[in-house]
Amino acid sequence: MRPYYVMENMNTLQPVQVLFVCMGNICRSPMAEAVFRHLVNEAGLADRFLIDSAGTGGWHAGEPPHGGTLDILRKYRIDPGDQRARQLRAADFDQFDYILAMDHENMRDIAIRHPDVAQRVRLLLDYAPEQPVREVPDPYYDGGFEQVYRLITSASRNLLREIRETKGV
């Protein structure tokens, strides 16, 4: 099947590219990547997206997602794929159409390192206005992976809906 591309101009075609960002890229952002990819696959749109995740820090680079993230994904029958943590790169800002941070600290880290693109970064939970919180909490220490899953799933459904409406996917 031929991939779907959003036309940027007559000579350049690009897939819809979505990047999820958290601190270490082992808990929240890989969960968001897997959940969003799952929703995209369920909608039959896998060939129309490029989906990835990254961390503002690089101390977990190369590691698989946290065991708590993997447990939740297994519980809901969501394939995590072969994800490995990576640090956010300057090139990501040129590549990705949607850059979604899990919390204000991640947004602040991005703004400090890449001030020219800070206005393009949004909180993931901007896509879940019905939720009582604005940030996806970090479950690394408290183990709140179930709550993180619910927040990410809510926002991911709305994000996909908005992309489909605005990009005509």
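Where a number appears in this text, it was derived from the coordinates with a stated rule and is not lab data. The structure presented is a predicted model; accordingly, all values stated were derived computationally and were not measured. No Cβ is skipped: glycine too gets one built from the backbone with ideal geometry, and neighbour counts run over all protein chains shown.
The figures follow:
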quantity	calculated
Alpha-carbon Debye profile of the chain, log10 I(q)/I(0) at 0.19 Å⁻¹	-1.29
Value of relative contact order over the chain, rounded to a whole percent, pairs C-alpha under 8 Å and six or more apart	25
Ranked by how many other beta carbons lie within 10 Å on average, peptides 102-111, 17-26 from highest	17-26, 102-111
Axial C-alpha extent at least 24 Å, average Kyte-Doolittle at least 1.6 - helices from the chain (DSSP)	none
Sum of -39500 (n - 2.57) over DSSP H runs of 4+, divided by residues of the chain (222 nm, nearest 500)	-12000 deg cm²/dmol
Burial order of peptide ranges 160-169, 81-90 (average beta-carbon count within 10 Å, highest first)	81-90, 160-169
